[in-house]
Every structure is written in C-alpha cells, then in structure tokens.
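Notes follow the structure.
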Amino acid sequence: MTFDSLTTDTMLSAVESASGFQLTGYTAPFSSYINRVYELRTRDNVKLIVKFYRPGRWTLDAILDEHTYLKDCLEFEVPVVTPLTLVNNSTIATFNDIHFALFPKRAGRQLEINEFDDWLRLGSLIGRLHCAGELRTAQSRVIINPSKSAFSDCEFLCSSVIPSRFKEKYRSVCMRIIDKARLLFENKEQIRIHGDLHTGNILDRMDDGLLLIDFDDMAMGPPVQDLWLLLPERAQKAAAEIELFIEGYEKFREFDHSSIKCIEFLRAMRMIYFLAWCSRQQNDFQFKTNFPEWGNDAFWQREIADLSEQMEYCVDILPSGNC
C-alpha cells in the first residue's frame, strides 16, 4: 500500500473512526519527506496532528518503541508531545495497511541558540532525555554503530543503488571510515536517543520552555549523537559550547567525555545514512522535485568527494592511527 490512497476524505474518515472525534474538513499538510503529516481540527476547535507512517519504513514494534520512549520521557519531566490513546486502546491505528498516530498540536518557534546559557539549558534538557532513554532498550530500532548501521547502509547502497562505475570507490571510502571507527566505538554506551536532534526539532515555546519534537528517527546509539547536530561548527572549534552543554548535562547524568572523538565519525555515518535514506524514497512522487540531480554522474562524483573529505577529518582526530 502506498500513500496514494490517502485522499482527504479517506484520511479524515480513518481518523474519525480511530479517535471518536468529529472533525471539520480542515487539513493542512506539514513538510515531511518520509511520513504524511497533517494538522486537523475537531468541531470543538481542538487542533490535532496526525502522522501516517510510511509503509515499509518502520515495523509496528518500531513505532511502539517511539511511543514508549515518549511516555518514558514524562517520568523525567522531559517536554515532549505524547500520542493520544485511540478507541482501540492503543496509540496506533491502521488504515489500508498504513499505521498512523494522533497527537495534540503544540505550537512554538524553532529554537535559536544565541547565548552561552542556551547551551547549559540544552545540556540539562538532553541529560533528562537520556535519563529516560536508559530506562529500557528499543529492540526494534536502528543501532547507530559503524559495524551495524553504517555497514548496513553501505552494503545497501553498493548492492542496489550506486552505479557500478562508482561502486568500488564509494565502498572503499566507506570501509576505511568504518574500520577506523570500530575501536573508537567499542564499549561505548548505547541507549535510546532522539537520533535527529537539530534545532529544527526543538521548539521554543517562550514562557512554556523548550519542546522536543519528531522522534521518528529515534535509535539506540551513543548519547553524543544528540549533541553534535546542534553544534555551530566542527567539534574542534566548538569547545566552549561543548563544555557548557556537558556542564548542564551532568546535572542529571554522567557524560562520556571521550565520546567527543566520535563526532566526526558520526558525521560521516550520517552522510552514508542520508544517501541510503534518499535512495529508499526515490520513487516517491515528491522526490524528484526535492532532489532533481539525484543519481547522475556529477551527483555520485560529488558524494564520493564529500565523503572522502570527511574521512580526512575522521583520520585527523585519531592519534597514531588509533583511539
């Protein structure tokens, strides 16, 4: 089943049936490359967000991992938006084999990090998030690790996506990064993390504080993953921001200072992941509009060059070729 079956009428009917709410005809689509997300309104003028999960992207158990994490966050007073319980006594309903969930709408503006105190505030917030994250594991989620997620993404790209004339060069760069990263990531803590924590996924609600949103990419991984995407530049040039973040973080849980060395490898792994992510969406009707140059020779040459450049940053942080 594809998203083509989600007409306005069928979507509204599915949500009404699953929730018991009576809806107006109002639907406002949100920008989302993966899922289909809409704002809806009840006849009592309650604003809701419905998320239809892309078929084949996550299993039912993986979606439940996301919802369980959100509920666990409440125990540590982490500001998140939890899904509503539907008439089936679950947070997930299904329409034509497409799973969906309903959330209350929470408004806010994208976080702007302007002051050093903002880094203390973020550190405290993410420290509490990770206290919730270590409560249990997410059995059905991606494990962010060079030998697991990065290797799997590389193999997927090289087996079915990258043209043969570029395949070996891309694989060679990937494997050099993965091989260098293995020892660095060995015995690193793996807990439930947000996984995609950039400022676009943190809302500033002014007097109501910060709000973490979009846990769609939650994963098992090293806590430092939820730091590096927030940094204004590479770790070597963001020492002051990192120090303040850790100071706030350690009000709630210990931070592994040695994991800072993982950041450039995590950046490289994200580059590999993003290519694999894109390749799985390339038949979507919006994909060509969003990525018009995807897959041509210039595209692959540029991707190999960018990953090779990133590899040099990775190698530079390893004294004597090891960790």
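Pick out the one residue from Ala28, Ala101 that is surrounded by 15 or more Cβ atoms within 10 Å (Cβ to Cβ), among the small types (Gly, Ala, Ser) and assigned to a strand (DSSP E or B).
The unique qualifying residue is Ala101.
Considering every residue within region 240-260, establish whether at least one is basic (Lys, Arg), in a helix (DSSP H, G or I), over 21 Å from the mean Cα position of the chain (by Cα) and assigned by TED's automatic domain parsing to the domain that holds Ser159.
There is no residue in region 240-260 that is basic (Lys, Arg), in a helix (DSSP H, G or I), over 21 Å from the mean Cα position of the chain (by Cα) and assigned by TED's automatic domain parsing to the domain that holds Ser159.
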Q.
Which of the numbered conditions does Arg141 fail, given that it passes all the others? Conditions: (1) in contact with a strand residue (DSSP E or B) (Cβ under 7 Å, 6 or more places away or on another chain); (2) surrounded by 22 or more Cβ atoms within 10 Å (Cβ to Cβ); (3) within 16 Å of Asn201 (Cβ to Cβ).
A. (3)
Q | Pairs with Cβ under 6 Å, 6+ apart, first in region 79-96 and assigned by TED's automatic domain parsing to the domain that holds Leu129 and assigned to a loop (DSSP other than H, G, I, E, B), second surrounded by fewer than 19 Cβ atoms within 10 Å (Cβ to Cβ) and at pLDDT 95 or above | A | none
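Just need a number here: residues in region 189-228 that are farther than 23 Å from Trp277 by Cβ, not in a strand (DSSP E or B) and not hydrophobic (A, V, I, L, M, F, W, C).
Result for region 189-228: 5.
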Q | Residue under evaluation Ala239, criteria (1) farther than 27 Å from Asn35 by Cα; (2) touching a helix residue (DSSP H, G or I) at 6+ places or on another chain (Cβ under 6 Å), criterion not met | A | (2)
Q) Of all residues in region 182-199, how many are aliphatic (A, V, I, L, M) and closer than 14 Å to Ala138 by Cβ? A) 2
Q | Restricting region 56-78 to residues that are loosely packed, with under 14 Cβ neighbours inside 10 Å and not in a helix (DSSP H, G or I), the residue that is farthest from the chain's Cα centre (by Cα) | A | Glu77
Q.
Cβ-Cβ distance below 6 Å, separation of 6 or more or different chains: which pairs start in region 111-127 with a residue that is crowded, with 23+ Cβ neighbours inside 10 Å and end on one that is assigned to a helix (DSSP H, G or I) and aliphatic (A, V, I, L, M)?
A. Trp119/Leu244
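For region 206-223, give me the residue count where each residue is farther than 20 Å from Asp65 by Cα and in contact with a Leu (Cβ under 7 Å, 6 or more places away or on another chain).
Total meeting the criteria: 1.
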Q.
Looking at Glu189 and the list (1) in contact with a helix residue (DSSP H, G or I) (Cβ under 6 Å, 6 or more places away or on another chain); (2) in contact (Cβ under 8 Å) with a residue 60 or more places away in the chain; (3) not polar (S, T, N, Q), which single condition is not satisfied?
A. (1)
Q. Which one is surrounded by the most Cβ atoms within 10 Å (Cβ to Cβ), of the residues in region 238-280 that are among the polar types (S, T, N, Q) and over 16 Å from His130 (Cβ atoms)?
A. Ser279
(Q) One residue is enough: does region 128-141 have a residue meeting the conditions in contact with a Cys (Cβ under 9 Å, 6 or more places away or on another chain), farther than 25 Å from Leu230 by Cβ and part of a helix (DSSP H, G or I)? (A) no
Q) Does Arg41 fit the bill of being touching a residue at least 12 places away in the same chain (Cβ under 8 Å), over 29 Å from Gly133 (Cα atoms), in contact with a Phe, Trp or Tyr (Cβ under 8 Å, 6 or more places away or on another chain) and of a type outside the set (Phe, Trp, Tyr)? A) yes
Q | Residue among Ile177, Ile191 that is β-branched (Val, Ile, Thr) and either over 30 Å from Phe299 (Cβ atoms) or modelled with pLDDT under 95 (or both) | A | Ile191
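The values are calculated or read from the model by the stated rules, or taken from the named source; none is laboratory data. These figures come from a predicted structure and were not determined experimentally. Glycine gets a Cβ as well: all are built from the backbone with ideal geometry, and neighbour counts include every protein chain shown.
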